[in-house]
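Enquirer: My questions all concern the structure below.
Just so you know, all these numbers are worked out from the coordinates, no wet-lab data involved. Treat the numbers as computed from the prediction; the structure is a model and nothing was measured. Note that we place each Cβ from the backbone using ideal geometry, even for glycine, and neighbour counts take in every protein chain shown.
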Amino acid sequence: MSTTALDPSTIDLGDHALWTEDPPYELFAQLRREAPVHFSPNRRYPDEGGFWSLTRAADVHAATRDFQTFSSERRGIFLVDDFGAPLDVQRLQMISMDPPRHDRLKQLVGRAFTPKRIAAHEDHTREIVRTMLDRLAGRDRFDLVKDLGRQVPARVIGSLLGTPESDDHKLLHWTNVATAFEDPQIRTQWDDTMGEIHDVVTYINAVREQRVEDPGNDLLTALINAEVGGDKLDDLEIATFFVLLLAAGNDSTRATYCATMLALIKDPEQRQLLIDDRSLIPNAVEEGLRCFPAFGFMGRAATRDVELHGQTIREGDRVLLWYIASNRDPELFDDPERFDVTREGLDRHQAFGAGGRHFCLGAALARLELRIWIEETLDRFPDLVLDGQPERIQALFLNQHVSIPVRVG
Ligand code: HEM
């Protein structure tokens, strides 16, 4: 849908009609140029008030680093305060905390979630990817999201945490509860969000008790034992961090893998470049992250009145930092709408956040997983073709597909 002629003052980015097949990239380009601080009434959630959108990379970068003005804690990171779990519950997760609470969590979690632990998971990640690809052997048609995209990250996170594969379907369900509430169809899969959250806490408490008796070499055991100056994570903190890892780890890697593979399927020349030269795959991963950030935005709330580009953001207003737009800012990238696996300077993309204290804790794991997953897929299925219309989730926060039918070429 061409949207370039719209008057910015009439645009409500929360209108799902703008988000059917793809994010409204043309509209974001217009806002970046003409209305870099833009207000949407968010009519879909009339009780929540509207939101401001920042779309320029420099503004997203500056706001990300200024937590004193743009708080993650005050109104959380979504486009509503209450998605069935109220702010008090959301604030138990580090992603919705400001200092000093965030400092404490970051230090403790950092003791367990180390680069060494992630790097040590490389061989196992490859094994998981190969097993999931093996399960597709003999099929000439499958769905990239439903038959592969969901399974791999769920098992990678599950194996890191030390939960059994037979529980992966539960972890995927809870991932939806935590993040996919905007999609009317997915939202029919559960009635009571807080009831589901209690179920996760009960589940993780049982696993935790088992680990206390029988420690393993997994992330959960490391979290239980993590200590800074005698301070440790309590049971609720471990459980809520677990939910954050599920949501952050599942949705994100799946979304980026599927969108990047779709771009490669649509552009066989780009795909051939990777098949001919494997050393380009890490760069293709970064280009996938840039073009298709798994989270459309992260939310903040203004802690004081702020003047920016001629607009006044009032204290308490919600402000969305749109990675979907900032990653396509021509100030950062030439020809930004083009997917180009040979593009240079990709270390400036903002898919993992624009630096700052909330910068993605799982970036190294995501990069490792995506590289291996794309390598192995291209080995096994070098010539996939599209076999129907891809279907996008109905959401602004999650930028992902729910279906990509493919055929072995
Ligand atoms: C393609 C993959 C991924 C993308 C695009 C992504 C993106 C992001 C973004 C945008 C943020 C918030 C930045 C901010 O608010 O400034 C974030 C935070 C976070 N991510 Fe990721 N993420 C990915 C994978 C993962 C994985 C695999 C894990 C863990 C298993 C993970 C764990 C986290 C955690 C714990 C935070 C909160 C950090 C904090 O609040 O200090 N992410 N991620």
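Enquirer: Over the chain, what is the relative contact order in whole percent, taking alpha-carbon pairs under 8 Å and six or more residues apart?
Expert: The normalised contact order for the chain reaches 25 percent.
Enquirer: For the stretch 119-212, what is the charge dipole size about the Cα centre, in debye to the nearest 20, if Lys and Arg each add +1 at the Cβ and Asp and Glu each add -1 at the Cβ?
Expert: My answer is approximately 260 debye.
Enquirer: Taking 20 °C and 1.002 mPa s as the conditions, I'd like the Stokes-Einstein D for the chain in µm²/s, using the Kirkwood hydrodynamic radius from alpha carbon pairs.
Expert: Here the translational diffusion coefficient equals 98 µm²/s.
Enquirer: Between Arg357 and Glu209, with labels modelled 7 Å along Cα→Cβ, what's the label distance in nm to one decimal, could you check?
Expert: With each label placed 7 Å out from Cα toward Cβ, I get 3.6 nm.
Enquirer: Amide H to amide H under 5 Å from Gly409: which residues, 5+ apart in sequence or cross-chain, H placed 1.01 Å off N in plane?
Expert: Asp383, Leu384, Val385
Enquirer: Roughly what would the spin-label model give for Thr131 and Asp267, points 7 Å off Cα along C-beta, in nm?
Expert: Label-label distance for Thr131 and Asp267, simple model: 3.4 nm.
Enquirer: List residues of the stretch 188-205, by number, whose backbone nitrogen lies under 19 Å from a label position 7 Å along Cα→C-beta of Arg111.
Expert: Within reach of a label on Arg111: no residues.
Enquirer: Taking the DSSP beta bridges in the chain as the whole, what percent of them are antiparallel, to the nearest 5?
Expert: Bridges in the chain are about 85 percent antiparallel.
Enquirer: With point charges of +1 on the Cβ of Lys and Arg and -1 on the Cβ of Asp and Glu, referenced to the Cα centre of the stretch 256-381, which listed residue (Phe333, Phe295, Gln272) lies farthest in the positive direction of the dipole?
Expert: Phe295
Enquirer: Then there's this: Would you mind checking which residues have amide H under 5 Å from Phe51's amide H? H placed 1.01 Å from N; only 5 or more apart, or other chain.
Expert: Under 5 Å from the amide H of Phe51 lie the amide H atoms of Ser40, Asn42, each far enough along the sequence or on another chain.
Enquirer: Over the stretch 137-241, what is the mean sequence separation of C-alpha contacts under 8 Å (at least six apart), divided by residue count, expressed as relative contact order in percent?
Expert: Answer for the stretch 137-241 is 23 percent.
Enquirer: While we're here: Can you tell me which lysines have their Cα less than 16 Å from the Cα of Lys170? Leave out same-chain residues fewer than eight positions away.
Expert: Once the sequence-local lysines are set aside, what remains near Lys170 is Lys146.
Enquirer: Moving on. Please find the FRET efficiency linking Glu26 to Asn225, where r is the Cβ-Cβ separation and R0 is fixed at 60 Å, and quote it to the nearest 0.05.
Expert: 0.75
Enquirer: May I ask which residue of Phe181, Ala112, Ile204 lies farthest towards the positive end of the charge dipole of the stretch 101-242, with charges of +1 (Lys, Arg) and -1 (Asp, Glu) on Cβ and the Cα centre as origin?
Expert: Ala112
Enquirer: Within the stretch 228-326, report the trypsin sites (Lys or Arg not before Pro) that DSSP leaves as loop and that have at most 12 other Cβ atoms within 10 Å.
Expert: Counting only loop positions with at most 12 other Cβ atoms within 10 Å, the trypsin sites (Lys or Arg not before Pro) in the stretch 228-326 are Arg304, Arg314.
Enquirer: How would you rank Trp19, Trp373, going from fewest to most other Cβ atoms within 10 Å of each one's own Cβ?
Expert: Taking fewest neighbouring Cβ atoms as first place, the list is Trp19, Trp373.
Enquirer: If neighbour count is taken as other Cβ atoms inside 10 Å, put Phe242, Phe83, Phe381 in order from fewest to most.
Expert: Sorted ascending by nearby Cβ count, the order is Phe381, Phe83, Phe242.
Enquirer: Right, next: Enumerate the amide H contacts of Leu398 below 5 Å, restricted to partners 5 or more residues apart or on another chain; note that Pro and chain-start residues carry no placed amide H.
Expert: Gly296
Enquirer: Dipole size in debye (nearest 20) for the stretch 214-268 around its Cα centre, Lys and Arg Cβ +1, Asp and Glu Cβ -1?
Expert: Roughly 440 debye, rounded to the nearest 20.
Enquirer: Whole-Hz Karplus ³J(HN,Hα) for the stretch 378-387, in order, using 6.51 cos²θ - 1.76 cosθ + 1.60 and θ = phi - 60°, x for Gly and Pro?
Expert: 5, 5, 7, 10, x, 10, 4, 10, 5, 10
Enquirer: Report, in debye and to the nearest 20, how large the dipole of the chain comes out about its Cα centre when Lys and Arg carry +1 and Asp and Glu carry -1 on their Cβ.
Expert: Its charge dipole is roughly 440 debye.
Enquirer: Could you give each residue of the stretch 170-187 its phi-based ³J(HN,Hα) in whole Hz, using Karplus coefficients 6.51, -1.76, 1.60 with θ = phi - 60°, and x for Gly or Pro?
Expert: Once θ is set to phi - 60°, the couplings for the stretch 170-187 become 5, 4, 5, 4, 5, 4, 4, 4, 6, 9, 9, 5, 6, 7, x, 6, 5, 5 Hz.
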